[in-house]
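Data first, discussion second: the structure below is written as structure tokens.
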Amino acid sequence: MPNQWQLDFFSLLCQIIASIYVYYNMSDFSPQRYNEYERFMVSHRQTVWQICFRFAKGDQDRCRDLVQEVYLTLWLKFDQLRDDASERGRKAWLRRVARNVLIDLHRKEKDAVFYDISNLPDIPESPHQDVLSETIEEMTELLSDSERQLIQMRLDGYDASEIASALNIKSDAVYQRFCRIIKKLKVIYGEQ
């Protein structure tokens, strides 16, 4: 567990970061409301630290990251805290918000998959790569400019609705044009 000086310093640092974020990202920033938030957080910084420290299982670096996330979320949700709430109710609200933030972060991390790609072997180029590239180039030369544009947009990752809005046509028209392109190429190259 960190000593009181470390806890005070880190709490202050997190509050400064949260206030900078709030100042630049919130149009309805109220200095009075922020002062209330600051007083509230100063009086409950030990609680936030303890919750995050337990969740981080003693890892202080991880705990610091969690505290920062909790402080930011508490500020963003501070308007939900009733002004007439008792001290016990305020502390319960703080604990609930902090735990929800930590649970959400845990779910995101649990779903994330990390692979160590540093030891992967180099993939040799396929001897058929050049033939495939030449065939694709030949096929696209047979298409009109608008058909090539449609294919290129799809290869660039645009879906049908994005292509439709970019070309000022309906989504159904995009699908119809793709079908026509496929039929055209099947006729030229024979259905295989």
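The values are calculated or read from the model by the stated rules, or taken from the named source; none is laboratory data. Note that this is a predicted model, so its numbers are computed, not measured. Cβ: placed from backbone, ideal geometry, glycine included. Neighbour counts: every protein chain shown.
Worth a mention:
- Any hit, region 23-30, residues being assigned to a helix (DSSP H, G or I), at pLDDT 65 or above and not basic (Lys, Arg): no
- Within region 65-96, the set of residues being under 24 Å from the mean Cα position of the chain (by Cα) and buried (at least 16 other Cβ atoms within 10 Å of the Cβ) comprises 66, 67, 68, 69, 70, 71, 72, 73, 74, 75, 78.
Residues are listed down the side, and each one gets a yes or a no for (1) of a type outside the set (Ser, Thr, Tyr); (2) modelled with pLDDT under 80; (3) assigned to a helix (DSSP H, G or I):
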| position | (1), (2), (3) |
| --- | --- |
| 53 | yes, no, yes |
| 62 | yes, no, yes |
| 68 | yes, no, yes |
| 71 | no, no, yes |
| 75 | yes, yes, yes |
| 83 | yes, yes, no |
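- In region 97-110, the residue that is modelled with the highest pLDDT out of those that are charged (D, E, K, R) and surrounded by 11 or more Cβ atoms within 10 Å (Cβ to Cβ) is 99.
Let's see how each residue does on (1) assigned by TED's automatic domain parsing to the domain that holds residue 49; (2) of a type in the set (Gly, Ala, Ser); (3) touching a residue at least 12 places away in the same chain (Cβ under 8 Å); (4) in contact with a helix residue (DSSP H, G or I) (Cβ under 8 Å, 6 or more places away or on another chain):
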position	(1), (2), (3), (4)
67	yes, no, yes, yes
73	yes, no, yes, yes
78	yes, no, yes, yes
81	yes, no, yes, yes
92	yes, yes, no, no
96	yes, no, no, no
102	yes, no, yes, yes
107	yes, no, no, no
